[in-house]
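Peer 1: Questions regarding the structure given below will be posed in turn.
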Amino acid sequence: MLFLQISLLAVLLAAGDNEDAFQEEISFKMIHTSSFYNHSWVKIQNSAWLDDLQTHGWDTNSGRIIFLRPWSKGNLSKEEIKELEEFFHGLPMPQEIHRHASQWKFKYPFEIQITLGCELHPERAIVGIYGFAYQGSDLLQFQNNSWLPSPKGGTRAQDVSRVFNQYHVTKREV
């Protein structure tokens, strides 16, 4: 469902009568960042970006999306907004990261980023973006319904992908 909404946004951004208006690649990304300070303290931030322009933020106290631009709500219904908020709030990642941190040799404090989105290319091709990073370095990519280790991720990436691929809910949501 989320990918369909992202793809729809990409198609809408490309719509228009002016062929010259869309000559470069454009991307829309949602970024989930979890900063793990110790075994019990995690700070979570969510944001959405249209290329380099932040369009959405996240209120951690209420678990609500913050629309940073007058147009950033688009035509999303209240139900669709609630579904997106529940998606981000329900990500099981922080609990699983804590559970496996020592196994994966994640040293506190550390930060992980999950990126979901799409790129729209001038020839109208839409490419999905799904990634997981540790300390700013790519660790996993999501392709063909599986989390794949990054070539530079080593055994850590292989171990993390093995665990992530056990979670069908996360794979289904992506």
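Since every read-out is calculated from the coordinates, none of them should be taken as a lab result. Keep in mind it's a predicted model, so treat the numbers as computed, not measured. Positions of Cβ are generated from backbone atoms using ideal geometry, with glycine treated the same way; all protein chains shown enter the neighbour counts.
Peer 1: Hey, rough spin-label estimate for Lys152 and Glu123, points 7 angstrom out along Cα→Cβ, what's it come to in nanometres?
Peer 2: It works out to 2.7 nm between the two label points.
Peer 1: Specify which residue in the list Asn144, Pro94, Val163 is farthest towards the positive end of the charge dipole of the range 83-174, using unit charges on the beta carbon of Lys, Arg (+1) and Asp, Glu (-1), about the Cα centre.
Peer 2: Val163
Peer 1: In this model, which of Lys105/Lys152; Lys29/Lys107; Lys29/Lys73; Lys107/Lys152 are farther than 21 Å apart at the alpha-carbon?
Peer 2: From Lys105/Lys152; Lys29/Lys107; Lys29/Lys73; Lys107/Lys152, over 21 Å: Lys29/Lys107.
Peer 1: Using 7 Å Cα-to-Cβ label points, what is the Asn165/Lys82 separation (nm, one decimal)?
Peer 2: Going by the 7 Å Cα→Cβ label model, 3.7 nm.
Peer 1: While we're here: At what distance in nm do the modelled label points of Trp49 and His100 sit from each other, each positioned 7 Å from its Cα along Cα→Cβ?
Peer 2: 2.5
Peer 1: Once the Cβ-Cβ distance between Ile26 and Arg64 is put in as r, and R0 is 35 Å, what FRET efficiency do you end up with, to the nearest 0.05?
Peer 2: 0.85
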